[in-house]
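Reviewing the structure listed below.
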Amino acid sequence: MADKAKMIVDKDFRIAEVDKRIYGSFIEHLGRAVYGGIYEPGHETADEAGLRQDVLGLIRDLQVPIVRYPGGNFVSGYNWEDSVGPKEDRKRRLELAWRTVETNEFGFNEFVDWAKKANTEVMMAVNLGTRGVDAARNIVEYSNHPSGSYYSDLRIKHGYKDPHNVKTWCLGNEMDGPWQIGHKTAEEYGRVALEAAKVMKWVDPTIELVACGSSSINMPTFPEWEATVLDHTYDHVEYLSLHQYYGNREQDSALFLARSLEMDRFIETVTATCDYIKAKKRSKKKMLLSFDEWNVWFHSNENDSKMEPWQIAPPQLEDVYNHEDALLVGCMLISLLKHSDRVRMACLAQLVNVIAPIMTENGGAAWKQTIYYPYLHTSVYGRGQALVPLVQSPKYDTKEITDVPYLEAIAIHNEEAEEVTVFAVNRHLNESLPVEVDLRSFGQCQIIEHIVLESDDLKAVNTAAQPDRVAPHKNGNAVVDGTTVTAQLGKASWNVIRLKVSAK
Ligand code: AHR
């Protein structure tokens, strides 16, 4: 057993009210995310629109508040006009980002319909790779203008009388990356993002915009990219994006689980850069963050490098997630919550089949990957006030990251439901961790349940044949005495301790 860890939470020491959009996700026209994922006419569960109801059910359970669409790298070659109107007229295109053929059978309007059925909001990206200001203003007109103009009337002609009223728009995707179709320097991107932002808001002043930050903390242009882009766009956008994926290529699980500390550093450096530009501009506005791509991504890299090009919806980026991946996803969710004063939106990338919590077989089953569970638990129980986690924990060192606390944790206070939920990961790979949570500012507390995700095998995965190999149980050992909760967190475990609390 490891040395004891301690956490103090006080209802008055708040980080922020968690914006529910921090539990967003992402669907890209990539691999089988759309075709064979959310959309498969002919599947036994498909509705009249071809939407898989088994997949929709698993998504609704996650209570996903917002979904980014249609990319990703895909959006930098996307002609939105190809994806609307009569299906028989839609163009097949070579899709250069992922080297496939896009049939456009499923497009923008179909996605808006899907989002309604999934009880979610749309976060739409515009193409600032091959296209620019003109296409950006036209899609906002098509989507959000009521009627009486060419593009709004075209939407009506396509069967959508009411505007879609998409509120959140991304100004391109990962424009700092040389892999991007139409990659730009920070100066070039900053200029076009500013001009696109202006006209998009002239069409619909109620929309909110996300400018592209760096594609990862490791980009050579980080954080100069952020500073230059914001120099141009600060007054015209509400959010700056962050993207980050981690892998365990070196098979060093202790280091892998420490990666969320890098995510903390990434968010804090981007925040500092935003505040630098705020000071430089003598601005009163606080730039918010949209961490609109994050996850574990590496398992499928080798397979993908062997893929034959120009197929329609081939399996791509189909990472099969194991138990340790779920633990890091849990740590990353805690990192987002720890920074919920600035991170208002975030998208687990992605939602179905492509580096996703949900996997499907074409014509077959849909099941939950290991990472589904921390995402589910935080989305469902992590709504309310994020409380400052004062954590004292024994620590460990890795070859790259030192002083890694075994305990990663945060508490969320849902005042309306009179509940506090503690999300906690024990990063120790071999020993359980005794933890004491001091809830001194709350009245008498009662345990509602202690949910645990654990496995004897860090590499255990869920498959169609064994969909529940890694699944949570509710036999956690948390007990409460007055306002002190104690628990032994199992080695390498994800924990959700739900408490009924009363105000003192
Ligand atoms: O999510 C997969 C890809 O990762 C996205 O298309 C791109 O934006 C990022 O590099």
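Any read-out appearing in this document is the output of simple, stated calculations on the displayed coordinates, not a laboratory observation. Since we're looking at a predicted model, the values are computed, not measured. Cβ coordinates were reconstructed from backbone atoms using ideal geometry, including for glycine residues, and neighbour counts include every protein chain displayed.
Okay, here's what the table says:
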quantity	calculated
Space enclosed by the convex hull of the alpha-carbon atoms of the range 223-265, per residue, Å³	84
The range 259-365: translational diffusion in µm²/s, Stokes-Einstein, Kirkwood Rh over Cα pairs, 20 °C, 1.002 mPa s	133
Among 379-389, 150-160, 5-15, the order from most to least packed when residues are scored by Cβ within 10 Å on average	379-389, 5-15, 150-160
Relative contact order of the chain, defined on C-alpha pairs under 8 angstrom at six or more residues apart (%)	20
Separation of the Glu250 and Glu436 label points, Cα + 7 Å toward Cβ, nm	3.6
Residue-count net charge about His145 - beta-carbon cut-off 15 Å; Lys, Arg +1, Asp, Glu -1	+2
Per-peptide average of other Cβ atoms within 10 Å, ordering 252-262, 440-450 highest first	252-262, 440-450
Cut-off under 5 Å, modelled amide H: who pairs with Ala5 long-range	Val435, Glu436
Packing-based order for 478-485, 136-143, 170-177, using average beta carbon neighbours within 10 Å, highest first	170-177, 136-143, 478-485
Per residue Cα convex hull volume in Å³ - calculated over the range 374-424	87
Formal net charge of residues neighbouring Gly364 (Cβ-Cβ distance under 11 Å; K, R +1; D, E -1)	-3
Amide hydrogen neighbours beyond the local backbone of Ala313, cut-off 5 Å, H modeled	Val101
Entries of Lys116/Lys474; Lys20/Lys278; Lys87/Lys161; Lys368/Lys500; Lys184/Lys281 with Cα pairs more than 21 Å apart	Lys116/Lys474; Lys20/Lys278; Lys368/Lys500; Lys184/Lys281
Per-residue HN-Hα couplings for the range 172-178 [Karplus 6.51, -1.76, 1.60; θ = phi - 60°; Hz; x = Gly/Pro]	x, 9, 6, 6, 7, x, x
Amide hydrogen neighbours beyond the local backbone of Val18, cut-off 5 Å, H modeled	Gly384, Gln385, Ala386
Under Karplus coefficients 6.51, -1.76 and 1.60, residue-wise ³J(HN,Hα) of the range 309-318 in Hz, glycine/proline x	x, 6, 8, 9, 6, x, x, 9, 6, 8
Lys474-Leu154 FRET efficiency (beta carbon distance; Förster radius 51 Å; 0.05 resolution)	0.45
Calculated on alpha-carbon atoms, Rg and Dmax of the chain in Å	22.6, 70
Sites Ala49 and Lys500, calculated FRET efficiency, Cβ-Cβ separation with R0 60 Å, nearest 0.05	0.90
Approximate shape of the range 358-473 as ellipsoid semi-axes (Cα gyration tensor, √5λ), whole Å, largest first	29, 22, 12
For Lys399, Lys117, order by how many other beta-carbon atoms lie within 10 Å, fewest first	Lys399, Lys117
Considering only the chain, percent of DSSP beta bridges that pair antiparallel, nearest 5	60
Hydrodynamic radius by Kirkwood, which averages 1/r over all alpha carbon pairs of the range 106-240, in angstrom	15.5
Relative contact order for the range 1-156, counting Cα pairs under 8 Å that sit 6 or more residues apart, in percent	20
Per-pair calculated FRET efficiency, R0 = 45 Å: Asp3 and Asp162 via Cβ, rounded to 0.05	0.15
P(r) tail fraction, the range 29-94 - alpha-carbon pairs more than 20 Å apart, %	39
Note, ³J(HN,Hα) from phi for the range 250-260, Karplus 6.51, -1.76, 1.60, rounded to Hz, x at Gly and Pro	7, 6, 10, 5, 5, 5, 3, 6, 7, 4, 5
Computed [θ] at 222 nm, helices only, for the chain once each DSSP H run of length n ≥ 4 contributes -39500 (n - 2.57)	-8000 deg cm²/dmol
Projected label distance in nm at Asp89 and Ser147, using a 7 Å step from Cα toward the beta-carbon	2.0
Cα-based equivalent ellipsoid of the range 72-156: semi-axis lengths in Å, sorted from largest, via gyration tensor	20, 16, 14
The range 35-108 and the range 186-213: distance between their alpha carbon centers, rounded to Å	25
